[in-house]
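The values are calculated or read from the model by the stated rules, or taken from the named source; none is laboratory data. Since the model is a prediction, treat every value here as computed from it, not as a measurement. Methodologically, a virtual Cβ is constructed for each residue, glycine included, from the backbone with ideal geometry; neighbour enumeration extends over all protein chains shown. Accessible surface is based on the protein model in full, side chains and every heavy atom, while ligands, DNA and RNA are left aside. Shrake-Rupley method; radii C 1.70, N 1.55, O 1.52, S 1.80 Å.
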Amino acid sequence: MSAASLDGWVRVCTRAELLPGEFKTVWDGDTPVVVYNIDGDLYAIEDRCTHDDGELAGGDLHGYELECARHGARFDVRTGAALCAPAYVPTASFPVREHEGVIYTRDDRG
């Protein structure tokens, strides 16, 4: 990937700054995006619980399931799928790219 192909991508941090088990939240315009490193694999979802619009970042992570700290809804960080009540609608998931040791994501919903 060339630097020119990074247009539209939002810099998250370097790989060294996001160790396994850690997360980082960035903004793509008005959209909060949280990027997780799970066992070396990177996943990005909108930092928004679809149950009540609260933040998801910082909730307990159980494997690939992120639990909203407010009411216990769970989301799959790989896909954004809502896994249990009180959330029934998925949160958005986003692509993640790594270029020269730097992690990027973007809200590609158009």
Can you name the number of the only condition in (1) at pLDDT 95 or above; (2) surrounded by fewer than 18 Cβ atoms within 10 Å (Cβ to Cβ); (3) small (Gly, Ala, Ser); (4) closer than 19 Å to Glu98 by Cβ that Ala44 fails? (2)
Any residue that is closer than 25 Å to Thr14 by Cα and acidic (Asp, Glu) - is there at least one of those in segment 66-73? no
Report, by residue number, each residue of segment 93-105 that is open to solvent by 80 Å² or more (accessible area, probe 1.4 Å) and either part of a loop (DSSP other than H, G, I, E, B) or under 9 Å from Ala44 (Cβ atoms) (or both). Glu100
